[in-house]
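**Student:** The structure is given below, and queries will be raised subsequently.
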Amino acid sequence: MFTQKTWFASTPTQVGNLRYSRQGCLRYDGGPAHASCFDDAMKRLEKNKGSYHGETIDVGRIQREIRIAAQAFGWVEDCFLQADDLALSAYRRAAGSGQGKRLYLSAGIHGDEPAGPLAVLDLLQRNWWPDDVGVWLVPCLNPTGFQLNRRENSSGIDLNRDYRNPVSREVQSHLRWIGQQPSFDLALILHEDWEANGYYVYEVNPDERVSPAESILKNVAQVCPIEFAETVDNWEARGGIIRPKLLPGDRPKWPEAVYLITTKTRHSFTLEAPSDFPLDVRVRAHVTAVDTVLQSLHSA
Ligand SMILES: [Zn+2]
């Protein structure tokens, strides 16, 4: 059920702006002429320097497609912010048994990182979720940033530094909603990094629980290069895995991951796709990583 073969077989022919070729290779529809075979797709594009200059998404359309897929497959929608210029929703899917593990999954907090919301859309449309895993999903926290193809929201706030003393509407409303939810066994946060030479993850696991980190990297390596640098963003890295020492009290500005680890979970992964690679490769990498975590929760 989790093999690469099945992934292709169950993949819809159209996900957002992604179109799938007959051979199972992926192409971005409407962008530059990306390679349509695996080998070429594994090379850097060498065009993202100084910031992200890659494909953008019609975020309103992606949000609508996410809602349609979620409604079609019975997810509960919580619209936690509704304003004239901004609407944010989360989606919940209970474990079939009522006793299952709880996974939190969020994406799209940086408006120049489109692979996260597209991966969420792909996962929803594919609709494969283990019966014994409940999922709390926040598919796109920063739609106004996506409209501008920039990291911050339209007011210039980096939402992923706003979780300690929040001033943005997005984070304030997100915190109100998440405060009403149960704790999670594991949290996944989907990001992208235009400087990276491959996929990497931050793992926060203070209780040293059994970890799927190595499995994530092993499986993602089948579809996307891995970042093998020994230092990433000033953190020590090994095989694409960074295990930062978080000292929340010392940090004046909290990212979502620090809020989560202090309040809602004891195990989180921030997943970073390399955005100087084709968008389809990054989406596949995120989907593969989420699949690996679902598998680990399912069999735990
Ligand atoms: Zn990011």
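Derivation of every value follows stated rules applied to the coordinates shown; laboratory data play no part. Computed from a prediction, not measured in an experiment: that's the story for all the values here. For neighbour counting, all protein chains shown are included, and Cβ atoms are generated from backbone atoms with ideal geometry for every residue, glycine included.
**Student:** Taking +1 at the Cβ of each Lys and Arg and -1 at the Cβ of each Asp and Glu, which of Leu294, Asn142, Ser51 sits farthest along the dipole of the chain towards its positive end, judged by Cα position relative to the Cα centre?
**Tutor:** Leu294
**Student:** Ok, one more. Remind me, relative contact order of the stretch 3-299 in percent, using alpha carbon pairs under 8 angstrom and six or more residues apart?
**Tutor:** RCO, the stretch 3-299: 21 percent.
**Student:** How big is the equivalent ellipsoid of the chain along its three axes, where each semi-axis is √(5λ) from the Cα gyration tensor, reported in whole Å from largest to smallest?
**Tutor:** The answer is 25, 22, 21 Å, longest axis first.
**Student:** Any idea how many Lys pairs in the chain come in under 28 angstrom at the alpha carbon, given 8 or more places apart or on separate chains?
**Tutor:** Final tally of qualifying lysine pairs is 15.
**Student:** Now a separate question. Kirkwood hydrodynamic radius for the stretch 51-155: how many Å is it when counted over pairs of different Cα atoms?
**Tutor:** The answer is 14.2 Å.
**Student:** Select from the stretch 139-227 those trypsin sites (Lys or Arg not before Pro) which occupy a DSSP coil region and have at most 12 other Cβ atoms within 10 Å, ordered by residue number.
**Tutor:** Answer by residue number: Arg209.
**Student:** While we're here: Take every DSSP beta bridge whose two residues both sit in the stretch 3-299, then give the antiparallel share in percent to the nearest 5.
**Tutor:** The antiparallel fraction comes to roughly 50 percent.
**Student:** Using +1 at the Cβ of each Lys and Arg and -1 at the Cβ of each Asp and Glu in the stretch 178-268, identify which of Val210, His191, Phe228 lies farthest towards the dipole's positive end.
**Tutor:** The residue sitting most towards the positive pole is Val210.
**Student:** Suppose every Lys and Arg Cβ carries +1 and every Asp and Glu Cβ carries -1, with no other charges. What dipole size does the chain come out with about its Cα centre, to the nearest 20 debye?
**Tutor:** It works out to roughly 460 debye.
**Student:** For Ile226, what residues show an amide H to amide H distance below 5 Å, using hydrogens built from the backbone and excluding near sequence neighbours?
**Tutor:** Tyr199
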